[in-house]
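S.K.: To start, I am sharing the structure in question, which I have written as structure tokens.
The values are calculated or read from the model by the stated rules, or taken from the named source; none is laboratory data. From a predicted model like this one, the values you see are computed outputs, not experimental measurements. Note that each Cβ is placed from the backbone with ideal geometry, even for glycine, and that neighbours are counted across all protein chains shown.
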Amino acid sequence: MDLFNVYPLFPIQPIKAEGSWLWDAAGKKYLDLYGGHAVISIGHNHPVWAEALRAQLGQISFYSNSVQNPLQEKLAARLGEVSGYPDFQLFLCNSGAEANENALKLASFVTGRSKILAFKDAFHGRTSAAVAATDNPKIVAPLNAGHQVSFLPLNDLPALEATLDDSYAAVIIEGIQGVGGIRLPEDAFLQRLSALCKAKGVLLILDEVQSGYGRTGRFFAHQYAGIRPDLITVAKGMGNGFPIGGVLISPDIQPRMGMLGTTFGGNYLACAAALAVLEVIETEKLMQNALEQGQWLTEKLQKLAVFSEVRGRGLMLGFEPVTAPQDLRQKLLHEQHIFTGEAKPNTIRLLPSLAVSRTELDYFMAAVQQQIQLQSA
Ligand SMILES: Cc1ncc(COP(=O)(O)O)c(C=O)c1O
């Protein structure tokens with residue numbers, strides 16, 4: 001059987017990983033400033049995380065959601081404390097798309113409505129309603145296109161005021177648009193959006209799948225705006241590579257039996273991984289590190305005239321080379337052995353582990369400067 005060929009692949013096979021580094025079979029070492037697509041929050045194969053998984057494997061790794069699982073309760077309590085949402089409820093699933101799908105479904109259950117408001121250049125995943133709320137027609141199949149979704153430009157307050165009414169079930173918005181090129185919703189925009197949603201009885205869903213889990217220096221990016229959404233979705237950094245996602249649900253929303261469900265969501269291994277992630281985020285003060293390293297890196301990148309713009313918060317950064325961004329990204333990978341991400345059309349995205357060190361970022365800046373000198377020579 002062949003693989004279903006949907007990914008353009010780099011000719012690189014990592015076989016080992018530790019902290020911010022990957023190694024291939026020949027022993028070549030790569031600096032990972034892409035974090036496996038924003039997933040590596042506490043560092044590849046962190047010893048606390050690896051030991052938690054090993055210990056859990058020695059106990060029990062899976063049973064269905066028909067029995068009591070105290071690890072789920074422990075995770076909900078810890079996540080509530082660390083994130084600043086102790087009074088919220090947690091539904092566990094396996095991925096970002098699933099988290100958004102469940103959040104949209106909940107909003108529809110609660111309001112009895114089905115219209116969704118989303119934003120241009122948004123990415124919310126590939127399941128049915130999540131992909132319908134994603135602004136990329138190439139990945140929306142006719143089946144998904146049946147959902148009632150309207151898209152507004154991000155930060156367009158007049159358009160929002162003119163559009164949002166009580167016929168909508170939910171507004172879904174990323175804490176910072178990732179795939180869209182590291183685009184920040186303005187604090188004032190989020191504040192007005194939150195107030196309008198409350199006034200119209202529309203649920204506000206904050207997709208923090210990429211921007212959450214401490215990446216911006218706060219647990220959630222929307223916390224910079226001081227708002228409190230009804231539903232918050234998480235995945236990526238939550239398990240540091242072990243698949244897990246979740247929906248944080250306002251205490252105003254009442255569950256009923258069978259309303260949501262999943263076979264794998266909240267399994268023992270996923271909970272053990274997620275608990276280890278929260279422990280390390282706290283003990284190693286990784287949110288503080290994300291803030292400090294992010295500020296330092298932003299200032300360094302801003303000083304280089306070859307970048308037209310540097311956007312982002314903490315360790316969720318995007319910058320735009322004035323010329324040939326693809327070239328720079330390929331050269332960083334193949335000549336300097338540094339992984340970065342991209343966003344169409346011209347953005348280079350940095351989503352490193354929240355534990356990335358100044359020495360590692362210095363190494364990156366030296367590589368960027370070397371490439372710039374070569375390009376201008
Ligand atoms: C903001 C955002 N939401 C949702 C998703 C989908 O997550 P997953 O690929 O885990 O389904 C992504 C993935 O890139 C994302 O960046």
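S.K.: Could you run through the stretch 131-148 and say how many residues are within 16 Å of the ligand (Cβ to nearest atom), farther than 13 Å from Ser114 by Cα and either at pLDDT below 95 or not in a loop (DSSP other than H, G, I, E, B) (or both)?
M.R.: So the answer is 4.
S.K.: Name the single residue that is surrounded by the most Cβ atoms within 10 Å (Cβ to Cβ) among those in the stretch 309-337 being over 23 Å from the mean Cα position of the chain (by Cα) and at positive phi.
M.R.: Applying the filter and picking the extreme gives His337.
S.K.: Return the total of residues in the stretch 85-110 being away from the ligand (no atom under 16 Å from the Cβ) and farther than 12 Å from Ile232 by Cα.
M.R.: The number of residues fulfilling the criteria is 5.
S.K.: Test of understanding: among Arg54, Arg78, which residue is without any contact (Cβ under 8 Å) to a residue 24 or more places away in the chain, more than 16 Å from the ligand (Cβ to nearest atom) and in the same structural domain as Leu206 (by TED's automatic domain parsing)? Spell out how you get there, then give the answer.
M.R.: Numbers: Arg78 fails: without any contact (Cβ under 8 Å) to a residue 24 or more places away in the chain.
From the options Arg54, Arg78, the qualifying one is Arg54.
S.K.: Only one residue in Val171, Val110, Val179 is assigned to a helix (DSSP H, G or I), among the aliphatic types (A, V, I, L, M) and in contact (Cβ under 8 Å) with a residue 40 or more places away in the chain. Which one? Give the steps one after another, and end with the answer.
M.R.: On the way: Val171 fails: assigned to a helix (DSSP H, G or I); Val179 fails: assigned to a helix (DSSP H, G or I).
The unique qualifying residue is Val110.
S.K.: Among the residues of the stretch 229-249, are any surrounded by fewer than 18 Cβ atoms within 10 Å (Cβ to Cβ) and touching a residue at least 40 places away in the same chain (Cβ under 8 Å)?
M.R.: First pass over the stretch 229-249, keeping only residues surrounded by fewer than 18 Cβ atoms within 10 Å (Cβ to Cβ): none.
No - not one qualifying residue is present in the stretch 229-249.
S.K.: For residues in the stretch 149-168 being part of a loop (DSSP other than H, G, I, E, B) and in contact with a Phe, Trp or Tyr (Cβ under 9 Å, 6 or more places away or on another chain), which is nearest to the ligand (Cβ to nearest atom)?
M.R.: Step one: list which residues in the stretch 149-168 are part of a loop (DSSP other than H, G, I, E, B), which gives 153-156, 164-167.
Pick out the ones that are also in contact with a Phe, Trp or Tyr (Cβ under 9 Å, 6 or more places away or on another chain) and you get 153-156.
Values: Pro153: 18, Leu154: 13, Asn155: 17, Asp156: 20 Å.
Result: Leu154.
S.K.: Which one of these is surrounded by 24 or more Cβ atoms within 10 Å (Cβ to Cβ), over 20 Å from Asn102 (Cα atoms), within 20 Å of the chain's Cα centre (by Cα) and more than 15 Å from the ligand (Cβ to nearest atom): Gly226, Gly214?
M.R.: Numbers: Gly226 fails: surrounded by 24 or more Cβ atoms within 10 Å (Cβ to Cβ).
Checking each option against the conditions leaves just Gly214.
S.K.: Just checking, does the stretch 28-49 include any residue being touching a Cys at 6+ places or on another chain (Cβ under 9 Å), touching a residue at least 60 places away in the same chain (Cβ under 8 Å) and surrounded by 13 or more Cβ atoms within 10 Å (Cβ to Cβ)? First the steps, then the outcome.
M.R.: So the first thing to find is which residues in the stretch 28-49 are touching a Cys at 6+ places or on another chain (Cβ under 9 Å), and the list is none.
No; the residues of the stretch 28-49 include none that is touching a Cys at 6+ places or on another chain (Cβ under 9 Å), touching a residue at least 60 places away in the same chain (Cβ under 8 Å) and surrounded by 13 or more Cβ atoms within 10 Å (Cβ to Cβ).
S.K.: Of everything in the stretch 318-361 that's among the aliphatic types (A, V, I, L, M) and assigned to a strand (DSSP E or B), which residue is farthest from Asp24 (Cα to Cα)?
M.R.: As a first pass, look at the stretch 318-361 and keep what is among the aliphatic types (A, V, I, L, M): 322, 324, 328, 332-333, 338, 343, 348, 350-351, 354-356, 361.
Still in the list and also assigned to a strand (DSSP E or B): 338, 343, 348, 350.
Details: Ile338: 13, Ala343: 25, Ile348: 23, Leu350: 21 Å.
The qualifying residue farthest from Asp24 (Cα to Cα) is Ala343.
S.K.: Taking Thr233, is it in a loop (DSSP other than H, G, I, E, B) and either touching a strand residue (DSSP E or B) at 6+ places or on another chain (Cβ under 9 Å) or modelled with pLDDT of 95 or more (or both)? Break it down into steps so the answer makes sense when it comes.
M.R.: Working: in a loop (DSSP other than H, G, I, E, B): no; either touching a strand residue (DSSP E or B) at 6+ places or on another chain (Cβ under 9 Å) or modelled with pLDDT of 95 or more (or both): yes.
Here the answer is no, as Thr233 does not meet what is asked.
S.K.: Let me ask something additional. Considering the stretch 329-375 alone, what residues qualify as being over 14 Å from Gly318 (Cβ atoms), in contact (Cβ under 8 Å) with a residue 24 or more places away in the chain and among the polar types (S, T, N, Q)?
M.R.: Within the stretch 329-375, Gln336, Ser353, Ser357, Gln369, Gln370, Gln371, Gln375 qualify.
S.K.: A follow-up question, please. Identify, by number, the condition in (1) under 30 Å from Lys198 (Cα atoms); (2) out of contact with any Cys (no Cβ under 9 Å at 6 or more places or on another chain) that Gly245 doesn't meet.
M.R.: (2)
S.K.: Which of the residues spanning the stretch 111-130 are in contact with a strand residue (DSSP E or B) (Cβ under 9 Å, 6 or more places away or on another chain) and closer than 24 Å to Lys236 by Cβ? Steps first, answer last, please.
M.R.: Let us first name the residues in the stretch 111-130 that are in contact with a strand residue (DSSP E or B) (Cβ under 9 Å, 6 or more places away or on another chain), namely 111-125, 129-130.
Result: Ile116, Leu117, Ala118, Phe119, Lys120, Asp121, Ala122, Phe123, His124, Gly125, Ala129, Ala130.
S.K.: What number goes with the only condition from (1) over 21 Å from Gly178 (Cα atoms); (2) outside any loop (DSSP other than H, G, I, E, B); (3) without any contact (Cβ under 8 Å) to a residue 60 or more places away in the chain that Val310 does not pass?
M.R.: With respect to (1) over 21 Å from Gly178 (Cα atoms); (2) outside any loop (DSSP other than H, G, I, E, B); (3) without any contact (Cβ under 8 Å) to a residue 60 or more places away in the chain, Val310 is out only on (1).
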